[in-house]
Amino acid sequence: MAEETIYEGPITMTRKGIGFFSVEGQDEDLLIPKEWANHALSGDIVKVAPTGMYQDPMGRMPPRASGKVLEIVSRARETFVGTLIEEDGLTMLTPDYKKMYVPLVILDRGAAELGDKVLVRLGEWAADKEYPLGTVLEVIGKAGVHDVEMRALALGQGFSSDFPPGVVTDAQLLEKNGGVILVEEAKNPKRRDFRNVATCTIDPFDAKDFDDALSVQKLPNGDIEVGVHIADVSFFVKPGTELDKEAIARATSVYLVDRTIPMLPEVLSNDLCSLKPDEDRLAVSAVFTLDSDANILDTWFGETVIHSDKRFTYENAQEVLDAGSGTMYEELSTLLALSKKIRARRAAKGAIEFDTAEVKVELDATGKPIAVHLKERKATNLLIEDFMLLANEAVAKHLSKLTSNGGPHFYSLYRVHDAPDTDRIENLANLLRVMGYHLKTSGSGAVTGAELNKLMESVKGKPEEYLVKMATLRSMSKAIYTTRNIGHFGLAFDFYTHFTSPIRRYPDLVIHRLIKAHAGGDPITPAEMQSFDKLAIHASEREVAASDAERDSIKMKQVEFLAGRIGEEFDAVISGVTERGLYVELNETHADGMINVRNVGDDFFEYEEKQYRLVGKRTHKAYQLGDPIKVKLTAARIAEKELDFVPA
């Protein structure tokens, strides 16, 4: 290979400080040994030069193509959350972020004490020094305290509950004048008035912000008009304001196990924009005229004023439907009948029905977990989902048509989902084969949504159902925001965007502005459009950070919930196999943990990679992916969010 070949891109680092760098067109990543990583951290954009084959001096792995980091172009993260400890007379931060493979040296800890959780900015890391320096930015509190740990999780991903002073000022003004402004705008003749049409919201019982409402009415000719009404956040949040700048920076709300860190101040998210019952509210709406088979006969998009008659929880609405009578029974049953037809049409096109149960952790007043259960998805959850998807798809088509002429409005934002990578599908098919399932793929290794649905159907109600669904989900591409439309594989849509949640997602707010601009409202400037690409990357990145924080908060509470049950036995399924041991997932709580290979049994266990199993050399006892297993809990490390098990 020519010496001058230099690649640029993101590096992935392991806990041991070994790096991996992927080169387009090459099957195997370049290995970056610790001594050649040049202090790069996971996610950093780096310049890498290939260095030929690397021979592990300890002989733990076969020779493989390697590289050397020449330069760090940009850091993926500048701040780290962790706990302060003392070592060899130095104050150190042990970071919570597992891919941060070194501690940071803190020269001045200020008011912080040992054992505190703190937020630290990464400082200088001299070439000849083993550890970087760090500066304390914020003392979060004592490690191990519920509130401290939750704030630490959020801050670790770059989310803070506190709004900057400029935003607080804007919010206070809205608290004072927002109500009057809203009443005035509701009289605006250009807004289509839906206040006399039966309208409701259906949300989780603990929802504070209602960003979508549905209206329904039968038209004289027998057709049905359904309005998908979405909170008009863009009326209150104007481009360039402090509110808008902060909303861009956050890009999303974060839902931790015990709190919401909102994208917008509460006066907007829980009050002025929230589609509360019995109050006039401003909306941007997608209004559909449907026949009795849910075929779309006509669509209209624009600004509206609505008045929700009823705030349902999913459970309330389900009770009305099950009872066959009650508040808005006629409207709900009409919506349900239509939604089933919309869903069936989507399934016929190959939309994948993942329908994985979500874990819900119940906490007491002090934040202590008292129960872990799976959220049940009712017909009313699906009903809302069907109409939201219908609106998102229709809006994406509408904007795509308007932006395809290359005129001044030539950009839109899409939510896209690429077809899965053929290598990953091949790995999934192998894994499923070992578990006794067949996934049909084409000669090139591609898979259809219809085949994935067959697989989902075949595992329903079996112990390995959750595992198979999770493995399939992990083999999918990630959905992202972009200005270049490639369609949405998972939903089987050619056009898709996010329109229905502007209270908690910034891209939806942009879509609302685009709808208004195309209808003759404030134009979107070319400069704003030029920023869409950057915004799409940023929103996709913040979405991942938010979901990591949410997942970590659930994981931490699952571990805490089980910490009081050490020594107990649980039914589980083997969810992963490596040379290090077995990963297991408990059936009851979906908490996962590990059985170290040393503790698997009284034998020497060898890892058979192709079969996804560990086999005892003497006893030939095999532990295979997907096998049910009874396990005993031996340790629960709350701070690390880790559980240890042994076979029972």
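Any read-out appearing in this document is the output of simple, stated calculations on the displayed coordinates, not a laboratory observation. Treat the numbers as computed from the prediction; the structure is a model and nothing was measured. Heads up, the Cβs are rebuilt from the backbone with ideal geometry, glycines too, and the neighbour counts pull from every protein chain shown.
Peptides 295-308, 505-518 ranked from most to least packed by the mean count of surrounding Cβ atoms within 10 Å: 505-518, 295-308.
Over the residues of the chain, the helix contribution to mean residue ellipticity at 222 nm works out to -9500 deg cm²/dmol, using -39500 (n - 2.57) for each DSSP H run of at least 4.
Converting the Cα gyration tensor eigenvalues of the stretch 564-647 into ellipsoid dimensions via √(5λ) gives semi-axes, longest first, of 22, 13, 12 Å.
Ordering HIS620, ALA591, ALA636 by Cα displacement along the dipole of the stretch 564-647 toward the positive end leaves HIS620 in first place; charges were set at the Cβ atoms of Lys, Arg (+1) and Asp, Glu (-1).
Think of each Lys and Arg Cβ as +1 and each Asp and Glu Cβ as -1; about the Cα centre, that makes the dipole of the stretch 1-118 roughly 260 debye.
Using alpha carbons only, how many degrees (0 to 90, rounded to 10) separate the axis of helix 314-323 from the longest principal axis of the chain? Value to nearest ten degrees: 60. Remark: the stretch 253-262, residue by residue, has Karplus-estimated 3J(HN,Hα) of 7, 10, 10, 7, 4, 10, 7, 10, 9, x Hz, where x stands for each Gly or Pro and the curve is 6.51 cos²θ - 1.76 cosθ + 1.60 at θ = phi - 60°.
Partner lysines whose Cα lies under 18 Å from the Cα of LYS16, excluding those fewer than 8 positions away in the same chain, are identified as LYS34, LYS68, LYS98, LYS99, LYS129.
Among VAL468, VAL148, VAL544, VAL180, a tally of other beta-carbon atoms within 10 Å of each Cβ gives an order, fewest to most, of VAL180, VAL544, VAL148, VAL468. Put simply, when 93-100, 152-159 are sorted by average Cβ atoms within 10 angstrom per residue, most first, you get 152-159, 93-100.
Output the peptides 633-639, 58-64, 39-45, 390-396 sorted from most to least packed, where packing is the average of other Cβ atoms within 10 Å over each peptide's residues. Let's see the in-between values first.
Working: 633-639: 16.7, 58-64: 8.6, 39-45: 19.6, 390-396: 24.3.
Most protected by this proxy first, the peptides run 390-396, 39-45, 633-639, 58-64.
Take every Cα-Cα pair in the stretch 419-476 and report what % of them are more than 20 Å apart.
Counting pairs separated by more than 20 Å, the tail of P(r) holds 13 percent.
Charges were assigned to the Cβ only: +1 to each Lys and Arg, -1 to each Asp and Glu. The resulting dipole of the chain about its Cα centre is roughly 940 debye.
When the gyration tensor of the stretch 501-641 is built from Cα positions, what are the square roots of 5 times its three eigenvalues, in whole Å, from largest to smallest?
Working: eigenvalues 479, 69, 27 Å².
The three semi-axes for the stretch 501-641 are 49, 19, 12 Å.
Helix 329-349 and the longest principal axis of the C-alpha atoms of the chain enclose an angle of approximately 50°.
Give the distance, in whole Å, between the Cα centre of the stretch 270-307 and the Cα centre of the stretch 74-110. Centre-to-centre (Cα) distance: 50 Å.
At 0.36 nm per residue, minus the direct Cα-Cα distance, what do GLN55 and ALA337 gain on full extension? Give it in nm, one decimal, please. Please report the intermediate quantities before stating the final value.
Numbers: separation 282, 0.36 × 282 = 101.52 nm, distance 6.43 nm.
Contour length minus the Cα-Cα distance gives 95.1 nm.
Taking the centroid of alpha carbons for each part, the stretch 160-205 and the stretch 416-468 are 45 Å apart. The long axis of helix 532-563 is offset from the longest Cα principal axis of the chain by roughly 70 degrees.
Between LYS245 and LYS98, the modelled label-to-label distance comes to 3.7 nm, taking each label 7 Å out from Cα in the direction of the beta carbon. In the stretch 461-502, taking the dipole from charged Cβ atoms about the Cα centre, the farthest positive-side position among PRO502, SER475, LEU491 is held by SER475.
The alpha carbons of the stretch 103-147 stretch over 38, 17, 15 Å along the principal axes, in descending order.
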